[in-house]
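In what follows, a structure is listed as structure tokens, so that the remarks can point back to it.
The values are calculated or read from the model by the stated rules, or taken from the named source; none is laboratory data. Because the structure is predicted, anything quoted here is derived from the model rather than measured. Neighbour counts are summed over all protein chains in view; Cβ atoms, including those assigned to glycine, are modelled from backbone coordinates with ideal geometry. Side chains included, ligands, DNA and RNA excluded: accessible areas come from the protein's heavy atoms. Shrake-Rupley method; radii C 1.70, N 1.55, O 1.52, S 1.80 Å.
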Amino acid sequence: MRIIAFVGMPASGKGEAAVVAKESGYPVVNMGDVIREEVHRLGLEPTDENLGDTGTRLRKEEGLSAIARRCVTKLRALNGGVAVVDGVRNIEEVHLFKEEFGDDFLLIYVQSSTENRLARINVRGRADDRLMDEKKLRIRDDRELGWGMGESIKNADLTIVNDGTVNQLRKKVRKIIEGQR
């Protein structure tokens, strides 16, 4: 099984990259959805605080690769082919995916400026994005960097710079993923 995974700061374009992959016929496992499922199971509102606290709690209780382990179960249920993982956060997750999938694991860093990410947040309308400003985005960034995202970014196999239009990002992603079939 070939796994293409995306890592990047909040609103960098990972989700849009995953949409392109899905449109191209690849199944997508979203790591944030794993946390959203847990928040829902607990009966909590899907706020940034609840999602962040739940992600932190799971990683503290089950280890830093807790979310990735749950994703591996979902990926294995797909029975082969090429699949996409949206939202790698820390190096332990990268190590787990590499352990599970070896050379068939490709990590792509989606890079974007803070101002572009904040602009995207203000138009995408997710529940955990409400009332987001630069200060709150930095808090979210710090939390995710605290989970070890910087190491994952450093270990990416490829980088896509996403400071242009959505169509430019979509073209870049399509070119990379089509080469993975």
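For segment 55-113, what is one quarter of the convex hull surface built on the Cα atoms, given in nm²? Over every viewing direction, the Cα hull of segment 55-113 projects on average to 4.7 nm².
Remark on residue 106: its backbone amide H falls under 5 Å from those of 3, 4, 5, a criterion applied only to residues 5 or more positions apart or on other chains, H modelled at 1.01 Å from N. In order along segment 162-167, phi translates into HN-Hα couplings of 10, 10, x, 7, 4, 5 Hz, rounded to whole numbers, per the Karplus curve 6.51 cos²θ - 1.76 cosθ + 1.60 with θ = phi - 60° and x for Gly and Pro. Evaluated with a Cβ-only charge set (Lys, Arg +1; Asp, Glu -1), the chain carries a dipole of roughly 460 debye about its Cα centre, given to the nearest 20.
Across the chain, Cα-Cα pairs more than 23 Å apart make up 37 percent of the total. In order along segment 58-69, phi translates into HN-Hα couplings of 4, 5, 6, 6, 10, x, 5, 9, 4, 5, 4, 4 Hz, rounded to whole numbers, per the Karplus curve 6.51 cos²θ - 1.76 cosθ + 1.60 with θ = phi - 60° and x for Gly and Pro.
The H on the amide N of residue 28, modeled in the peptide plane, is under 5 Å from the matching H of 84, each at least 5 residues off or on a different chain. In angstrom, the C-alpha Rg and Dmax of segment 1-47 are 12.6, 35. Equivalent-ellipsoid semi-axes for segment 1-100 (Cα gyration tensor, √(5λ), whole Å, largest first): 22, 16, 13.
With protein chains left intact and a 1.4 Å probe, residues in the chain average 50 Å² of accessible area per residue.
Over the chain, DSSP H runs of length four or greater, each weighted -39,500 (n - 2.57), average out per residue to a 222 nm ellipticity of -17000 deg cm²/dmol. The phi torsions of segment 10-20, fed into the Karplus equation with coefficients 6.51, -1.76 and 1.60 and a -60° offset, translate into couplings of x, 6, 6, x, 4, x, 5, 4, 5, 4, 4 Hz, rounded to whole numbers, with Gly and Pro shown as x.
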